[in-house]
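**Student:** Handing you a structure now.
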Amino acid sequence: MQVKELLANIRTKMFVGGRFVDAHSGKTFAVFNPATGAEIAQVPEGDAEDVAGAIASARTAFESNEWRRMAPATRERLLLKLADLIEQHGDELAALETLNQGKQFGFAKMLEVGGSAQWLRYMAGWATKIEGSTLDLSIGFPPGVQYQGSTRRVPVGVVAAIVPWNFPLLMAVWKIAPALACGCTVVLKPAEETPLTAIRLAELAFEAGFPAGVLNVVTGQGETAGAALVRHPDIDKVTFTGSTEVGRIIGAQCGRDIRRVSLELGGKSPVIVLDDCDPRKAIEGAANAIFFNHGQVCTAGSRLYLPRSKFSEIVGGVAAIADSLVLGSGFEETTQMGPLVSARHRDKVAGMIAEGRAQGGEIVAGGRAFDGEGFFVRPTVVANERRKPLSLVNEEVFGPVLVAMPYDDIDEAVHAANTSEYGLGASVWTNQLDSALRLTDRIEAGTVWVNTHNMLDPAMPFGGFKSSGVGREHGRAIIDAYTETKSICFAY
Ligand code: NAP
Ligand code: MG
């Protein structure tokens, strides 16, 4: 698809109640192409009033017989239809993501488009498999009366879904697919940097046959539109993916309001290479773990722990890969790494690298942002051979920055890996089965990979220990997140 044609067809309004709408204030804000810094569109800057309108649409749709009493098999078919439509419009959606988020077109096609279709199809299957149980109650009072209990899982209601900018389409689908499968309705707020595919997703859902108001998209700023969504009394559940900092604000508000909330937050995921691992495999694995999606991945393998005897060899190998990566527009076939999502994010990442250098980290690859057009930062490897307390060891960068550290015995490596406020992902690289089992047991993280990293699947629960979040997405566990248990008790 030609970029010119794409630009001419971008949807630049919010999608509420089955219609495209402007913000009631008429205000808009700019979204950019991070590869050039050029403005690509103006989208509505929704505020509390727009949010209230979208919630009213979602509430009306939730209460309507057309949605609430819809046969689960019909919900399933609608989700499958949406997956088909996403694939049919795959080139357009992937190109939109490349244009607005910066990732390579091929990646966008495979991961955002392909992943979205896969997640939708998996979740579609759950629509017809939501079940409760029948219980014989243990207390028989008054004498002669018996009771039978049963449980049902009923949709939680109107869901506020707030997502980040790293995988705009896929993150939106991770929220809406299970919510819709369970019979909820949704108001989705995409990140201010990347609203375009979310708008198109809502339009395609309407085209697939979801009733008006079942999926609404409000664009706007987190502090205004996002905050208004979280505190609105007619929201039954908030599902949020983003930073731990914002997660704390949302969690506190939901705590005060006794509102259901799921939080998928930040990470500082360790990669631990064991002595037996082939260095070539470790080098390739570590480079993929951190540089995938330009390091803008919540589970990015950003801390590398290496046996001291192999430190120089493996760090040198990862640095060589970093130096070889070709940066450029995601539309160029030769590009291996795109820009970061925004000028603000580029400056944050560059600032953190500078801080790491000032604190005594040795920059062995990259280490600089480009001055020219676009928001590029060279993939960066920082050797921290003396294990100095660099900020880079503890703080999430959310960019292509790896800090590598040696260890002398494995207990020390496990202790260092677990010394983090985060606990989202981790990987262990070894062919020794007993070592792998011991480490998967001891590492504090929601997902521990062995000989791979960043591998996610709709069937596998995903979420964080510690400050990386509350709750799990995907798999069977997701049904609990979008339903309430209702107990029903019969006396006879
Ligand atoms: P962010 O600043 O926390 O923003 C995430 C979303 O929350 C955006 O839509 C944002 O809107 C909105 N928001 C901001 N302030 C808000 C408020 N006070 N109330 C309600 N909503 C608010 O995160 P980000 O910079 O977009 O994304 C990067 C972060 O996400 C990283 O920390 C990363 O680790 C995390 N992440 C986690 C996972 C996971 O599954 N665990 C996956 C991906 C990313 P605006 O865009 O308008 O600010
Ligand atoms: Mg933001």
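**Student:** Between residue 320 and residue 344, what is the label-point separation in nm under the 7 Å Cα-to-beta-carbon projection?
**Tutor:** 4.0 nm
**Student:** Taking amide hydrogens as modeled 1.01 Å from N in the peptide plane, which residues meet the under 5 Å criterion relative to residue 215, leaving out close sequence neighbours?
**Tutor:** Correct list: 186.
**Student:** Given Cβ point charges of +1 (Lys, Arg) and -1 (Asp, Glu) and nothing else, what value in debye, to the nearest 20, does the dipole of segment 270-458 about its Cα centre take?
**Tutor:** 380 debye
**Student:** Then there is this: Can you find, among 452, 381, 302, the residue farthest towards the positive end of the dipole of segment 270-458? Put +1 on the C-beta of Lys and Arg, -1 on that of Asp and Glu.
**Tutor:** Among 452, 381, 302, the one farthest towards the positive end of the dipole of segment 270-458 is 381.
**Student:** How big is the chain by the Kirkwood estimate over distinct Cα pairs, in Å?
**Tutor:** The answer is 23.5 Å.
**Student:** With no solvent and one point on each alpha carbon, what is the Debye value of log10 I(q)/I(0) for segment 164-275 at q = 0.14, 0.15 Å⁻¹?
**Tutor:** Evaluating at q = 0.14, 0.15 Å⁻¹ gives log10 I(q)/I(0) of -0.59, -0.67.
**Student:** Per residue of segment 356-364, in order, report the coupling 6.51 cos²θ - 1.76 cosθ + 1.60 (Karplus, θ = phi - 60°) as ³J(HN,Hα) in whole Hz, putting x for Gly and Pro.
**Tutor:** x, 5, 5, 7, x, x, 9, 7, 9
**Student:** Kindly state, as a whole number, the per residue volume in cubic angstrom of the convex hull around the alpha carbon atoms of segment 233-294.
**Tutor:** Details: hull volume 6.9 nm³, N = 62.
Convex hull volume per residue, Cα atoms: 112 Å³.
**Student:** Here is a follow-up. Counting other C-beta atoms within 10 Å, which of 240, 375 has the fewest, and how do the rest follow? Mind showing how you got there, number by number?
**Tutor:** Values: 240 29, 375 26.
Fewest-to-most Cβ neighbours within 10 Å comes out as 375, 240.
**Student:** In terms of the ratio Rg/(2.2 N^0.38 Å) built on C-alpha atoms, what value belongs to segment 270-458?
**Tutor:** 0.97
**Student:** Give the Debye-formula value of log10 I(q)/I(0) at each listed q (0.14 Å⁻¹), with one equal scatterer per alpha carbon of segment 283-357, two decimals each.
**Tutor:** -0.53
**Student:** If you don't mind, another one. In nanometres, what is the gap between the two model label sites at residue 30 and residue 408, each 7 Å from Cα along Cα-to-Cβ?
**Tutor:** The modelled label-to-label distance comes out at 5.5 nm.
**Student:** Sort 27-35, 437-445 by packing, meaning the average of other beta carbons within 10 Å per residue, with the highest value first.
**Tutor:** Numbers: 27-35: 19.9, 437-445: 17.0.
Ranking, from highest mean packing down: 27-35, 437-445.
**Student:** With +1 assigned to the C-beta of every Lys and Arg and -1 to the C-beta of every Asp and Glu, and no other charges, what is the dipole magnitude of segment 14-81 about the Cα centre in debye, to the nearest 20? Display every interim value, and only then the final one.
**Tutor:** Values: 8 positive and 9 negative charges, 106 e Å.
So the magnitude is around 520 debye.
**Student:** Test of understanding: ordering 199, 290 by Cβ neighbours within 10 Å, fewest first, what list do you get?
**Tutor:** Ascending Cβ contact count within 10 Å gives the list 199, 290.
**Student:** Just name one of 133, 432, 340: the one whose Cα is farthest towards the positive end of the charge dipole of the chain (beta-carbon charges, Lys/Arg +1, Asp/Glu -1).
**Tutor:** Of the candidates, 133 comes out farthest on the positive side.
**Student:** Which entries in the list 268/348; 13/103; 4/27; 189/237; 189/348; 175/466 go over 19 Å, if you measure between the two C-alpha atoms of each?
**Tutor:** 13/103; 4/27; 189/348; 175/466
**Student:** Per-residue counts of other Cβ atoms within 10 Å, averaged by peptide: what ranking do you get for 130-136, 92-98, 223-229, highest first?
**Tutor:** Values: 130-136: 11.7, 92-98: 24.4, 223-229: 21.0.
Ranking the peptides 130-136, 92-98, 223-229 by packing returns 92-98, 223-229, 130-136.
**Student:** Along the Cα→Cβ direction, 7 angstrom out, place labels at residue 488 and residue 129. What is the inter-label distance in nm?
**Tutor:** Calculated label separation equals 2.3 nm.
**Student:** Starting with the fewest neighbours, write out 312, 435 ranked by other beta-carbon atoms found within 10 Å of each beta-carbon.
**Tutor:** Fewest-to-most Cβ neighbours within 10 Å comes out as 312, 435.
**Student:** Name the residue from 38, 26, 7 whose Cα lies farthest towards the positive end of the charge dipole of segment 1-48, charges +1 on Cβ of Lys and Arg and -1 on Cβ of Asp and Glu.
**Tutor:** The one lying farthest along the dipole's positive direction is 7.
**Student:** Averaged over every viewing direction, what's the projected area of the C-alpha convex hull for segment 232-370? Give it in nm², one decimal, please.
**Tutor:** 11.7 nm²
**Student:** Using C-alpha positions alone, give me the convex hull volume of segment 315-368 per residue in cubic angstrom.
**Tutor:** Values: hull volume 3.8 nm³, N = 54.
Hull volume over Cα atoms, normalised by residue count, gives 70 Å³.
**Student:** For segment 479-487, take each phi angle, set θ = phi - 60°, evaluate the Karplus expression 6.51 cos²θ - 1.76 cosθ + 1.60, and give the result in whole Hz per residue in order, putting x for glycine and proline.
**Tutor:** Ordered by residue, 3J(HN,Hα) equals 4, 4, 6, 10, 10, 10, 8, 10, 8 Hz.
**Student:** Charges at C-beta only: +1 for Lys and Arg, -1 for Asp and Glu. How large is the resulting dipole of the chain about its Cα centre, in Debye rounded to 20?
**Tutor:** Working: 47 positive and 56 negative charges, 193 e Å.
That gives the chain a dipole magnitude of about 920 debye.
**Student:** Amide H neighbours of residue 29 under 5 Å, counting only residues 5+ apart in sequence or on other chains, H built in-plane at 1.01 Å?
**Tutor:** For residue 29, the qualifying residues are 43, 45.
**Student:** Using C-alpha positions alone, give me the convex hull volume of segment 414-475 per residue in cubic angstrom.
**Tutor:** On the way: hull volume 5.0 nm³, N = 62.
Convex hull volume per residue, Cα atoms: 80 Å³.
**Student:** So what are the ³J(HN,Hα) numbers for segment 336-353, from phi and the Karplus equation (6.51, -1.76, 1.60; θ = phi - 60°), rounded to whole Hz, Gly and Pro as x?
**Tutor:** With the stated coefficients, segment 336-353 comes to 10, 8, x, x, 6, 6, 8, 4, 4, 5, 4, 5, 5, 5, 4, x, 5, 5 Hz.
The numbers here are math on the coordinates, done by the rules we state, and not lab data. Being a predicted model, the structure only gives us computed values, none of them experimental. Cβ atoms come from the backbone with ideal geometry, glycine included; neighbour counts cover every protein chain shown.
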